[in-house]
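Notes follow the structure.
Bear in mind that the values in this text are calculations on the coordinates, not laboratory data. All of these numbers come straight from a predicted model, not from anything done at the bench. Counting neighbours? That spans all protein chains shown, and the Cβs are built from the backbone with ideal geometry, glycine included.
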Amino acid sequence: MTHTFLTRSTVIDAPVDQVRVLIEDLHAWESWSPWQELDPAMQQTYSGAERGIGAKMAWAGNKKAGEGRMTVVTVEDNLVEVDIEFIKPWAAQNCSHFKLQPTEGGTAVAWSMSGEQNLIMKAMFKVFNMQKRISADFERGLARLKAAAEG
């Protein structure tokens, strides 16, 4: 059963187009992704489209960064979706959804993650307090995205 298990949001003082390009271009994630700092020596390989639908990035890093792949699967005026396949430290399939809404102050960004959670994953989420950890990652990532877009 797929469900959204986390959403965080912020307002960025930049137009939607400027924010969207930082999300749909996986190369740009290096400037704002909260996971980038987990392993400065992390290996990243890009393939597929340069940006937008079909852009792909694979990563392999230390124990904190793990290993996985991301693919941009949806790019619309107000939405970018990125499929994320985690390989290590444990296998999981999730989708990050970035909803972008123009506001008087720039762009409201809501970043959510959804995916299937079997009983083992649900237990791991509770035992390792993953909701709190991922929430902190999303908040840090949104702050960095804001800085990158406004800078």
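Specify whether the C-alpha gyration tensor of the chain places it in the rounded, prolate or oblate class, a ≥ b ≥ c being the square roots of the eigenvalues: rounded for a/c under 1.5, otherwise prolate if a/b is larger than b/c and oblate if not. Prolate, since a/c reaches 1.5 and a/b exceeds b/c. Relative to the longest principal axis of the Cα atoms of the chain, helix 130-150 runs at roughly 20 degrees. Positive-end ranking of 12, 111, 52 along the dipole of the chain, with charges on Cβ about the Cα centre, is headed by 111.
Starting with the fewest neighbours, write out 10, 71 ranked by other beta-carbon atoms found within 10 Å of each beta-carbon.
On the way: 10 17, 71 20.
Least to most surrounded, the residues fall as 10, 71.
For every other residue with a beta carbon closer than 12 angstrom to the beta carbon of residue 37, add +1 if it is Lys or Arg and -1 if Asp or Glu, then tell me the sum. Please report the intermediate quantities before stating the final value.
Values: positive: 64, 140, 144; negative: 30, 39, 137.
So the environment of residue 37 carries a net charge of 0.
Each of residue 41 and residue 110 was given a label point 7 Å from its Cα along the Cα-to-Cβ line. The distance between the two points is 4.2 nm.
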